[in-house]
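The values are calculated or read from the model by the stated rules, or taken from the named source; none is laboratory data. Model, not experiment: these values are computed from the prediction. Backbone-built Cβ (ideal geometry, glycine too); neighbour counts: all protein chains shown.
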Amino acid sequence: MAGSGVIRTRKQVYNLLAHRLDGLWRPGAPGSNTFLLWDDRYYVPSAGEARNLARYACADLPAYSADDFDCDDFAFYARGRAGAYAARQRWSNAGICVGLFDAYCAWAGWVRHMACWVLCRNDAGAYRFLLVDPQDYKQPDPANPYPTHETDEINRLAAVIG
């Protein structure tokens with residue numbers, strides 16, 4: 001069964017990601033792989049596929065807790081679940097365009113931070129960057145404890161925090 005997304009190379013994915021977060025992040029260390037891209041080719045899911053994937057990846061995760069289940073714990077756990085979900089869907093034999101983000105982030109007050117990202121395409125073919133972040137600096141919503149943020153919202157969060 002093929003998905004409705006598209007295949008992109010690692011370099012294409014990196015450029016799409018970096019462009020959407022321009023000015024909002026700095027690498028954790030010189031030459032570090034901020035977006036943690038391991039595969040050569042990536043399957044960029046449709047917006048609907050990405051929404052279902054993120055919903056599954058974050059379902060029933062523990063609530064955020066400093067050190068116990070904080071940003072890095074959340075990111076690794078959710079990324080693993082997202083990969084397993086995508087593999088079961090058999091959209092493609094390429095890596096799923098979901099990953100870990102490890103950088104100094106404007107929206108976190110320029111501290112080193114880890115979260116999950118999803119790159120997807122909407123029905124018009126435009127790319128969308130989604131960030132799934134357990135530390136969203138908002139009032140917790142019990143119905144949606146791990147909200148997904150689009151780039152414009154990340155810009156607003158950075159402006160508020162900075």
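Looking only at residues in the range 48-76 that are surrounded by 17 or more Cβ atoms within 10 Å (Cβ to Cβ) and among the hydroxyl-bearing types (Ser, Thr, Tyr), which one is nearest to Tyr127 (Cα to Cα)? Talk me through it step by step, then tell me what you get.
The first filter runs over the range 48-76 and keeps only residues surrounded by 17 or more Cβ atoms within 10 Å (Cβ to Cβ), leaving 49-50, 53-54, 56-58, 64, 71, 73-75.
So of that shortlist, the ones also among the hydroxyl-bearing types (Ser, Thr, Tyr) come out as 56, 64.
Values: Tyr56: 21, Tyr64: 29 Å.
Among residues in the range 48-76 that are surrounded by 17 or more Cβ atoms within 10 Å (Cβ to Cβ) and among the hydroxyl-bearing types (Ser, Thr, Tyr), the one nearest to Tyr127 (Cα to Cα) is Tyr56.
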Pairing a residue in the range 116-128 that is closer than 17 Å to Gly3 by Cβ and assigned to a strand (DSSP E or B) with any residue that is at pLDDT 90 or above and basic (Lys, Arg), where Cβ atoms lie under 9 Å and the two sit 6 or more apart in sequence or on different chains, gives Leu119/Arg8; Tyr127/Arg121; Arg128/Arg121
In the set Leu21, Leu17, the lone residue that is under 21 Å from Ala86 (Cβ atoms), touching a residue at least 60 places away in the same chain (Cβ under 8 Å) and under 14 Å from the mean Cα position of the chain (by Cα) is Leu17
Residue pairs within 7 Å by beta carbon, gap of at least six or interchain, first lying in the range 36-63 and among the basic types (Lys, Arg), second in a strand (DSSP E or B), listed first then second, are Arg41/Ile7; Arg41/Thr9; Arg41/Gly95
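Give the residues of the range 77-90 that are in contact with an Asp or Glu (Cβ under 9 Å, 6 or more places away or on another chain) and surrounded by fewer than 22 Cβ atoms within 10 Å (Cβ to Cβ), sorted by residue number.
Residues of the range 77-90 in contact with an Asp or Glu (Cβ under 9 Å, 6 or more places away or on another chain): 86, 89.
Residue satisfying the conditions is Gln89 alone.
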